1. How much accessible surface area, in Å² rounded to 10, belongs to the heavy atoms of residue 136 with a 1.4 Å probe?
2. Any lysines with Cα under 22 Å of the residue 31 Cα? List them, leaving off those in the same chain fewer than 8 positions away.
3. Would you mind counting up the charge near residue 411? Only other residues with Cβ under 12 Å from its Cβ, with Lys and Arg at +1 and Asp and Glu at -1.
4. How large are Rg and Dmax for region 29-154 when only the alpha carbon atoms are used, in Å?
5. Give the peptides 214-221, 110-117 in descending order of average Cβ contacts within 10 Å, highest first.
6. Could you tell me the ratio Rg/Rh of region 276-328? Both radii from Cα atoms, Rh via Kirkwood.
7. Starting at the first residue of region 158-174, write each ³J(HN,Hα) from the Karplus equation 6.51 cos²θ - 1.76 cosθ + 1.60 with θ = phi - 60°, in whole Hz, x for Gly and Pro.
8. If you average the C-alpha positions of region 239-317 and of region 212-237 separately, how far apart do those two centres end up, in angstrom?
Amino acid sequence: MDARFASARQVADAVLFEGYVLYPYRASAAKNRMRWQFGVLAPPAWAPEQGEHTFQRTEVLLEPRGAATLDLELRFLHAQRRTVQQARAEGAFEEVAELHLPDRVLVPWDEGTEERVTVSVAVSELVGAGAYFPFSRPARVEIEAVLDETGRTVGRLVRRTERVCGVLRLSAAELEGPYRVLKLTAVVENTSPWAPDEGAATREEALPRSLVAAHLLLGLSSGSFLSMTDPPEWAKGAVAACENRRTWPVLAGGPGRADVVLSSPIILEDHPAIAPESAGAMYDATEIDEILALRTAALTDQEKREARGTDPRAAAVIDLADSMPPEVLERLHGAVRGLRDITGEPLAEDPQALFRPETPWWDPAGRDPVDPALDHVTVEGVRVGVGSRVVLRPGLRRTDAQDLFLQGSTAQVEAVLHDVDGGVHLAVTVDGDPGADIRREQGRFLYFQPDEVTPVEPA
């Protein structure tokens, strides 16, 4: 199982820790106070009342061969609450909001420990009634001593983990058709018996009893899965009938492989992969490594101390940014992959073949066909372009209230501009504006749409 899931697990790790801790990687940051946003399966006594969910459902199609075996790995984070205590006289400890050390500032924080539930079952055993696999993780308390540079105990970290229970239900049904195709259903459900005390419980109370960032890795010993995003023509109807709730199954592993599926709470494409330029995990949702590395390196020493004390993974990000050599940082600046000609065929390896303009860049014949100085637009049957004179009729839909004061003013069109959505905008200077010449020099105009002006007929 481990060998088959090796490459897929790299992406699965990114799913597991998606948004685990966000830049600037400090517990005090506002965006790090709302934790665990993906794949949260909450206890049944709390979830329905709060709009959360207790289960996720994955349905995929597979073509098993022979006595195929299904290997499955459920992965999730188990939130554990960390409190900070400072050492007092005679061996006593007092809970505190901060504990300052030379290299870090320790604060209360919810850490996430990785949990796995592994199952291996013959595909034939799943047809019909299916199989039922309950699991649980016990409550526990762990204490870690905090020592200063001399080895003296100055405090301790107390980690409390609550009991969490769940069940994994697997079943398969053979579909009608010319090929032997099975629809596999995998349901992951939180069955934790915890119930809140009198009154409304908070999300923070429910999270330690939840399955966080829950996702599945599925592997076939013999046979293949069908792509759920790009199935063959004959299977499109069956794929459309599959019911995936709070999961998104895609083919995983290397390109061309179809024996592994990653069912994720985050939308992915088939055969997702970690960018080879990435120097390490940044744990930031939709991370952009270059920006995060630069911003992290620019944090103050005090901010870095706070980040290092927030979480070991945050501390690793700080160390990564501080130690990243220039050549690695430059590699993060961008990469071009998969260039194709309009025919769909890969372009030649010759770098000169990547750009083949019909005319050199310096040839006037090769100018951009969109030119604000030459373009025009027809308004009320009149051609309006650079130099045209118009009366301003700003509409009420405009968000700039200052434009309303220009109602009825005359102006001169300085440019006709096109935006990426196909809209047209007229850049103008207002008659009588003493700063009109400066506006022209700096290119700082007022902008109106064609239906907000009336052409002034030439005298």
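The values are calculated or read from the model by the stated rules, or taken from the named source; none is laboratory data. Treat the numbers as computed from the prediction; the structure is a model and nothing was measured. When we count neighbours, we look across all protein chains shown, and the Cβ atoms used for this are built from the backbone with ideal geometry, even at glycine. With ligands, DNA and RNA removed, areas are computed over all heavy atoms of the protein, side chains included. Shrake-Rupley method; radii C 1.70, N 1.55, O 1.52, S 1.80 Å.
1. Around 60 Å² of this residue is reachable by solvent.
2. 304
3. For residues surrounding residue 411, the net value is -2.
4. 22.2, 69
5. Details: 214-221: 23.8, 110-117: 16.5.
So the order, starting with the most tightly packed, is 214-221, 110-117.
6. Working: Rg = 10.6 Å, Rh = 11.3 Å.
Reported Rg/Rh, Kirkwood definition of Rh: 0.94.
7. 10, 10, 10, 10, 8, 6, 10, 10, x, 9, 10, 10, 10, 8, 9, 9, 7
8. Result: 21 Å between the Cα centres.
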